[in-house]
1. When you look at B:Leu127, is it buried (at least 22 other Cβ atoms within 10 Å of the Cβ) and either in a strand (DSSP E or B) or within 16 Å of ligand 2 (Cβ to nearest atom) (or both), yes or no?
2. Name, by its number, the condition in (1) of a type in the set (Lys, Arg); (2) within 11 Å of chain A (Cβ to nearest Cβ); (3) within 22 Å of C:Ile79 (Cβ to Cβ) that does not hold for C:Arg202.
3. Under the condition of being surrounded by fewer than 21 Cβ atoms within 10 Å (Cβ to Cβ) and not in a loop (DSSP other than H, G, I, E, B), which residue from segment A:220-238 is nearest to the other protein chains (Cβ to nearest Cβ)?
4. Assess whether A:Leu247 counts as being touching a Ser or Thr at 6+ places or on another chain (Cβ under 7 Å), at pLDDT below 90 and within 10 Å of another protein chain (Cβ to nearest Cβ).
5. Just the residues that are modelled with pLDDT under 90 and either of a type outside the set (Lys, Arg) or more than 15 Å from B:Leu73 (Cα to Cα) (or both), please, taken from segment B:97-107.
6. Please determine whether any residue of segment A:148-164 is under 14 Å from the mean Cα position of the chain (by Cα), under 27 Å from A:Val246 (Cβ atoms) and not aromatic (Phe, Trp, Tyr).
7. From the list A:Thr215, A:Thr197, which residue is touching a residue at least 12 places away in the same chain (Cβ under 8 Å), over 29 Å from A:Val150 (Cα atoms), touching a helix residue (DSSP H, G or I) at 6+ places or on another chain (Cβ under 7 Å) and away from chain B (no Cβ under 14 Å)?
8. Can you find, within segment B:28-49, the residue that is nearest to B:Ile233 (Cα to Cα) among those that are exposed (fewer than 15 other Cβ atoms within 10 Å of the Cβ) and touching a Ser or Thr at 6+ places or on another chain (Cβ under 7 Å)?
Amino acid sequence: MNHTKRGIFTTTMVILTLLFFYLPMAVLLLYSFNSSKSMVITGFSLKWYNELFTNSPFLWKAVSNSLIIAVSSAFSAVLIGTLGAIGLRWYSFKLKNLFQIISMLPLLLPEIILGVALLIFFSAFSFPQNLFTVYLSHITFNIPFVLLIVMARLEEFDSTLLEAARDLGAREIDVLMKILIPLTMPAIIAALLMSFTLSLEDFVITFFISGPGSTTLPIYIYSMIRFGVSPVINALSVLIVLATIVLSLFLSKFSKYIINH
Amino acid sequence: MSTYFIITDPFSTIVKEPVNIYDISMLGSSVGIKNISKNFGHFKVLSDINLEIKKGEFFSLLGPSGCGKTTLLRMIAGFDKPDTGSIFLDDRNVTDIASNKRKVNTVFQNYAVFPHLTVFDNIAFGLKLKKIDKKIIQKEVFTFLELVKLNGQERKMPSQLSGGQKQRVAIARALINKPQVLLLDEPLSALDAKLRKELLIELDQIHNEIGITFIYVTHDQEEALGVSDRIAIMKDGKINQIGTSKEIYEKPADAFVAGFIGETNLLKGSLSITENKETKLITEKAGSINILINNPKIKSGASLTVSLRPEKINILPIEPTVKITHECLQGQVKEIVYSGFQSRYFVKTKQNIMNIIKVHEANETRIRRGDKVFLEWEKSDMNIVEFS
Amino acid sequence: MTEKSRLGHFYLFPLTIWSILFFVSPLIIIILYSFLTKDIYGGVIYTFSLKAYQSLIQLTYLKVFWFTLKISVISTAIIMFFAIPVSYYIARSPLKNVLLFLVLIPFWTNFLIRIYAWIAIMGNNGFLNQLLLSLHVLKTNIQFLYNPIAVIVVLVYTYLPFAILPLYAAIDKFDFTLLEASSDLGASRLQGILKVLLPNIRTGLMAAFLFAFIPIFGAYAVPQLVGGQESFMLGNMIARELTITRNWPLASAIATIITLVTCLGILLYIRSVRRSDEKDGK
Ligand SMILES: Nc1ncnc2c1ncn2[C@@H]1O[C@H](COP(=O)(O)OP(=O)(O)OP(=O)(O)O)[C@@H](O)[C@H]1O
Ligand SMILES: [Mg+2]
């Protein structure tokens, strides 16, 4: 008796949650095919998609900025983070715990703090705010995710494999290139995809850091929301959600390293 | 490195010759361990270890879990450094030489086969690092595949192999580098009993074929006794005895070795030397037993612990008539454990419970539980393992 | 030994440099700025001042702080109320991969799109108004947006997946035979959940709580876009002091305080992890 009651409660919560998650997306989907510019449903139309693809040059500029930043910052963060994770996994030194907490902190602090701190930092040194500062900032907030994902993988890594390799004559560079990197590859790819997505997605930090000419997609969407909503944004949203689903399917292959921390 | 390789490889110039594994011989080297100590924090893991392992020897390190076998082996391999003392390969001090520069290779307990490489690439790993010609590598790999009986498996990934096959890969992978010393850290402990026996015999054959020095770590005494030329028995970071299987079994240096290697019965008592120079062990409850004393340090009145192997004791339903060379105790059978060709008897004597193993004979007198029996043995089978 | 530590330095070198340059020094700079004097057009004058912290004690600022705390606590409570049964259900479900995927989609979807979706629903002319008008529940349009309730709804929407994922990971690792054992020993189902399940997934609960609470406490975009005048949170205040009033010491002071509060939460979390590890005898 008791059992089924509990079951009903949790089931209800799950259904409510899924409705809560997906109704808003369904609404966007509905409006993206609506022919009216207002939110009154008038009829089916593809014109917003058409406008999105043919008549939105600034949007596509923002998309290309976002992609440039996402790809470059993801690769840089993965490079720094992977080496760091290896160091943190196998070498002990004084204050290692403190070092580890500080490396993770950007992930734990509210984004706005990093945004403000970097903004003030860059202005204090009169750094011009452009795509490059955005790139630097994105690396900073991506590194902790890379550390987390790669360290989770290294955690289950059998360290006798490294000894075996050295025993067979491998120099440190051979150990890194022939054993460590190949065996950590799934986590490295997961970290790459995660960094890429987080970078594409970031609004708050970029908002503070970006200057004229370094508008990314989220900044562009923000201004669309604030200053004149055109239904193009509905079409854009639908496409982004679709892209997300595709990317997530891809990511779910590596989700083991993303969820288990 | 590569020059060494080519010189010692008898086949390197002959291509497409059918490989004869019985000709793979390498250079072994002796291993010297001088005054090695090692602490982990305040915990003393090894204290003042000294060992001389001969060229080409099959040497075993045997001891209970945690006694420091792996630690010692890791120092020979070069993974760890001793706090004090030195390690010599032949007569070269290698204490400060990194593991990738020692001509020593290791077979690990958990295989440590690289999971992302095929069997072939695992075995070729060391040679590829030396940038040796591909053709030679290929030929070598096939030679060693054959040596460890993995012909035809070279394309498989480690996940497709059984435990025994993985360990074979690990052995071939180590041997292909032509080490002077092969270190094996409980290489068989992850395998089931039957496979363990088979692989052990193969290891012994491989050792005979290639002739390099093997240092074999185990806590399984049967393994060690079966194949080793010599064995070192370790306890709590110290070596208790070094000797051949026979020496260690028959002349255990102390009570620990006696108990650790095989089974034993320990008799305690004090030594009394009679007027006509007869030496006797005076037990607390079972009276006096004749004993041989070859150690002049043992004086009359010393308290002794004597080891007596279970299979050296004869169990008789009636009192033996000849008692000049044989010692005798009386008792009652408490328990009989039958195991095929032999049985084990637990006999309660006045002194203690004795453990006896007896191989069945065709028309022996059946002994049953509760029977009164007589135990006899030869004086020379009694080993003094402790005295004070 | 020395070779090993040299290698350690090599691997950690880029990370160390990066952290110092682009994370630690910016943090130090805002802490420094918070003790300096404000310049008229943004920036600072290099004279020591406690003015930023003094002005924070003013009632208007305290009110914003109080409001932020209230919104954060309420939203996080609602999030946990949903997250616990949902992650429990997912971990126990035979369809867990599918369900997990369904949770991951909103998690991965662009943050602003998620906010925008609610504007499309709750806006003056939005979906909800259209629906209620056509059902004749309403006679004229109502503004559902630009109030604290809207802020809470959207915050819950954006951060619920953040809480579900760590909780799911913790519950998934939980050995459910322990629950059977406890019921075998006479505990009711509820007792089992309270006395066996919850203590065992405590670190997961803590992580879920922090993953939701911390970003909500520093929220900027959500109150900015759906909150209106009434829902001014700390994040908005930082942004205002930074870009409009141009009082950098004050913005830095608020950021410093939020950083300290966050670090405190993290330390508490680490302590609770340590304690539960000790309990497990690790
Ligand atoms: N890195 C280390 N730090 C601290 N103590 C260690 C370390 N490595 C080994 N020890 C300790 O040293 C002792 C000897 O360890 P070792 O691994 O050499 O034992 P072993 O004889 O190989 O045992 P086993 O048969 O179980 O493999 C053990 O008590 C172990 O706990
Ligand atoms: Mg060991």
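The values are calculated or read from the model by the stated rules, or taken from the named source; none is laboratory data. Every value quoted in this text rests on a predicted model; they were computed, and no experiment measured them. With ideal geometry, Cβ positions are generated from the backbone for all residues, glycine too; neighbour counts draw on all protein chains shown.
1. Details: buried (at least 22 other Cβ atoms within 10 Å of the Cβ): yes; either in a strand (DSSP E or B) or within 16 Å of ligand 2 (Cβ to nearest atom) (or both): no.
No: the conditions fail for B:Leu127.
2. For C:Arg202, the failing item is (2).
3. Looking only at segment A:220-238, we keep the residues that are surrounded by fewer than 21 Cβ atoms within 10 Å (Cβ to Cβ), and these are A:223-230, A:232.
Within this subset, residues satisfying the condition of being not in a loop (DSSP other than H, G, I, E, B) are A:223-226, A:232.
Details: A:Ser223: 10, A:Met224: 8, A:Ile225: 5, A:Arg226: 7, A:Val232: 12 Å.
Among those residues, the one meeting the criterion is A:Ile225.
4. On the way: touching a Ser or Thr at 6+ places or on another chain (Cβ under 7 Å): yes; at pLDDT below 90: yes; within 10 Å of another protein chain (Cβ to nearest Cβ): yes.
So A:Leu247 fits the description; yes.
5. Scanning segment B:97-107 gives B:Ile97, B:Ala98, B:Ser99, B:Asn100, B:Lys101.
6. Kept after step one, since they are under 14 Å from the mean Cα position of the chain (by Cα), are these residues of segment A:148-164: A:148-149.
Imposing the further condition that a residue be under 27 Å from A:Val246 (Cβ atoms) reduces the set to A:148-149.
Imposing the further condition that a residue be not aromatic (Phe, Trp, Tyr) reduces the set to A:148-149.
The answer is yes; a qualifying residue exists.
7. Details: A:Thr197 fails: over 29 Å from A:Val150 (Cα atoms).
A:Thr215 is the lone residue from the list that is touching a residue at least 12 places away in the same chain (Cβ under 8 Å), over 29 Å from A:Val150 (Cα atoms), touching a helix residue (DSSP H, G or I) at 6+ places or on another chain (Cβ under 7 Å) and away from chain B (no Cβ under 14 Å).
8. If we filter segment B:28-49 for residues that are exposed (fewer than 15 other Cβ atoms within 10 Å of the Cβ), which is where we start, we get B:35, B:39-43, B:48.
Going one step further and asking which of them are touching a Ser or Thr at 6+ places or on another chain (Cβ under 7 Å), we end up with B:35, B:48.
Numbers: B:Asn35: 17, B:Asp48: 14 Å.
If we take residues in segment B:28-49 being exposed (fewer than 15 other Cβ atoms within 10 Å of the Cβ) and touching a Ser or Thr at 6+ places or on another chain (Cβ under 7 Å), then B:Asp48 is nearest to B:Ile233 (Cα to Cα).
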